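Just so it is clear, none of the values below were taken in a lab; they were calculated from the coordinates. A quick note: this is a predicted structure, and the numbers were derived from the prediction, not measured. Glycine also receives a Cβ, built like all others from the backbone with ideal geometry; neighbour counts cover every protein chain displayed.
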Amino acid sequence: MCGIFGYTGFRRLGPIILEGLKRLEYRGYDSAGVAFISSGLQVMKDAGKIDEISRKFNFSGIDGKLAISHTRWATHGAVTQTNAHPHISCNGRIAVVHNGIIENYIDLKRELISLGHKFRSETDTEVIPHLIEEFYRKTGDPLKAIFMAVSKLDGSFAFLAIFEDHPDRIFAVRYKSPLVIGLGDGENFVASDVPAFLKYTKKVIFLDDMEVAVISRNSVEVFNSLTREKVDKEIYIVPWSVEDAERGGYPHFMMKEIMEQRFTITRVLGQDDRIREASQLIKDAQKVFLVAAGTSYHACLASSYWFAEIAGVNARAVLASEFPSISKLVDDKSLVIAVSQSGETADVLESVRMAKKRGSKILGIVNVVGSSLMRISDAFLTINAGPEICVLATKSYTSQLTILYLLVNDLVGRLENAKEEIKRAETLVAHMLESEALLKDIRRIAKDLSASEHIFLIGRGISYATSLEGALKIKEVSYIHAEGFAGGELKHGTLALIEEGTPCIAIVPEDETKDQTLGNAMEIKARGGYIIGLSNEEHVVFDELIRTPSETSLSPIVMIIPLQLLAYYLALERGCNVDQPRNLAKSVTVL
Ligand code: F6R
């Protein structure tokens, strides 16, 4: 949700800024821009993709001492050149790039206009450079001006500011939106996410809320914006490799990340102590809530079946955006298990803050180490899946399922058995992904389905969660309307949509739901539906079979693989932008 990137150091500015921006493009891609200081402050920005804008302005040719840049996912104001970041002060000597939302921008704008400030854009962001300008004019001190501006802002923000008068410093501010500083030798980086600079350094500092960093080529100083005192920050070493953030010969990150599931599933292992600590939190709690958004929510929903069946624990899966409406149920005997790949999803963080206020303990499950969720949780588990760059979540889903499966089994003393099951599941996933015949079949089916208006998916029990996740993958990347249902639900209304040839995918693992799901598929077929079975064997109801292993305990992990592939191939057939679907952004950091 908007990417911001800044650099100061000895390298040529243009190429490094362009590279950082490209690596953050997954966060937003409707416009982009750069501000840099080279005989005065200069700004280049436009609507469109980074490559187009970079060609137009020759970003690679930019030179100077430092730069800040932005790739946008529009919230306030249309996708236009004027609304693209950076935004500048009236005198054009202060530039700002921002990720987040300034909730009180209308009041601030009115106030600033009454003081004579002239606004150019429709964005909330533009109040920031004007506010800073106002306070800088009064104090003559850029840091003080930033502290004073921050004290006026409500909402969520990570922003970078540069001043023409101070051409050796980038000011970086964080409140409820992610910001990380990369520490180099004679150079420093600042970005919304680590992959932007991972090629150059793995040494990072994660800013906390209301902290301001002053970043120059050879130093980084961090201050608490409330007390204005200097803060000592811990330096983390990021455990990811450069290759993790590259496409590695695959045409798209989505395919690379699907394929990585041949080895990412078992990467979750090796945190037994933390799992024990987490299961103790569950044992101590009277109520357990699983809170997440999107794909991570589907992992929570699937695991709620495991919690019930394996451990007899009533763990309620709640969409983070809906959590406020049930938050009264949360108290000091509760545990909220918050699951988030990025650890930065605003709905999830807001739910966690709300739950904490009510005295609940928080167990965070994240992929991004050092993320906000990890840092505000009482205990945390990582999925260790490596950077997920494609906007669609794939490998993080199977890893989230894996860690939740380990956790549930630890509650009943089956951790070691569960580990063996997970190793076996990974082998099955690898067999599927290495089967050229399977990939060919799915590609052919995708071709057949590519002109469909709707695709329905059904599954019962834990496969209901798989149907929701499969549908989400299909719709977000191929733009075909897809819906997942509990197998028994179609006859309560949706069956009316089934016409001759309507495709329906029946998720039929070899478990106790099998016969009933097949029965539901029959009902659909009797109304003309075209049935694609995900199953380990042929059945008379199937018009097509995507053969899956007969594994049952970890069926959500095994069964989602062909659906991820189907979504991918549907997108290719329909000429969609696989890694950056329209209107979306990875890491939704606004409510
Ligand atoms: C779907 C997808 C989103 C995310 C959701 C939560 O492919 O990627 O639905 O799952 O935005 O993101 P995290 O897990 O980062 O909280």
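When we measure straight from the Cα of Lys423, which aspartates and glutamates land under 13 angstrom away, once same-chain ones fewer than 8 places off are left out?
Counting by Cα, and skipping residues close in sequence, Lys423 has these aspartates and glutamates nearby: Glu551.
For the chain, what is the percent of antiparallel DSSP beta bridges, rounded to the nearest 5?
Among the beta bridges of the chain, antiparallel pairing accounts for roughly 60 percent.
Any lysines with Cα under 26 Å of the Lys138 Cα? List them, leaving off those in the same chain fewer than 8 positions away.
Within the straight-line limit of under 26 Å, Lys138 reaches these lysines: Lys109, Lys118, Lys152, Lys230.
Which order, highest average first, do 217-224, 110-117 follow once you tally other Cβ atoms within 10 Å for each residue and take the mean per peptide? Could you put the intermediate results ahead of the total?
On the way: 217-224: 15.5, 110-117: 13.1.
Ranking, from highest mean packing down: 217-224, 110-117.
Taking a threshold of 28 Å on the Cα-Cα distance, which of the pairs Lys233/Lys395; Lys419/Lys586; Lys333/Lys514; Lys203/Lys395 fall above it?
From Lys233/Lys395; Lys419/Lys586; Lys333/Lys514; Lys203/Lys395, over 28 Å: Lys233/Lys395; Lys419/Lys586; Lys333/Lys514.
What aspartates and glutamates sit close enough to Lys49 to cross-link, taking a C-alpha to C-alpha distance under 12 Å and skipping anything fewer than 8 places away on the same chain?
Cross-link targets: Glu25, Asp30.
Could you rank the peptides 422-434, 392-404 by their average count of other C-beta atoms within 10 Å per residue, with the highest value first?
Ranked from most to least packed, the peptides come out as 392-404, 422-434.
With n ≥ 4 as the cut-off for DSSP H runs, can you work out [θ] at 222 nm for the chain, using -39500 (n - 2.57) per run divided by the number of residues, rounded to the nearest 500?
Helix contribution divided over all residues of the chain: -11500 deg cm²/dmol.
Between the helical axis of 272-284 and the dominant principal axis of the chain, each derived from Cα atoms, what acute angle in degrees is found, rounded to the nearest 10?
80 degrees
Distance between the C-alpha centers of segment 238-269 and segment 540-591? Whole Å please.
17 Å
Hey, can you rank 25-36, 567-578, 547-558, 447-458 by average C-beta count inside 10 Å, highest first?
Ranked by mean Cβ neighbours within 10 Å, highest first: 25-36, 547-558, 567-578, 447-458.
Quick check: net charge around Leu392, other residues with Cβ under 11 Å of its Cβ, Lys/Arg +1 and Asp/Glu -1?
It works out to a net charge of -1.
Give me the distance between the Cα centres of segment 1-48 and segment 330-406, rounded to whole Å.
Taking the Cα centre of segment 330-406 as reference, the centre of segment 1-48 is 30 Å away.
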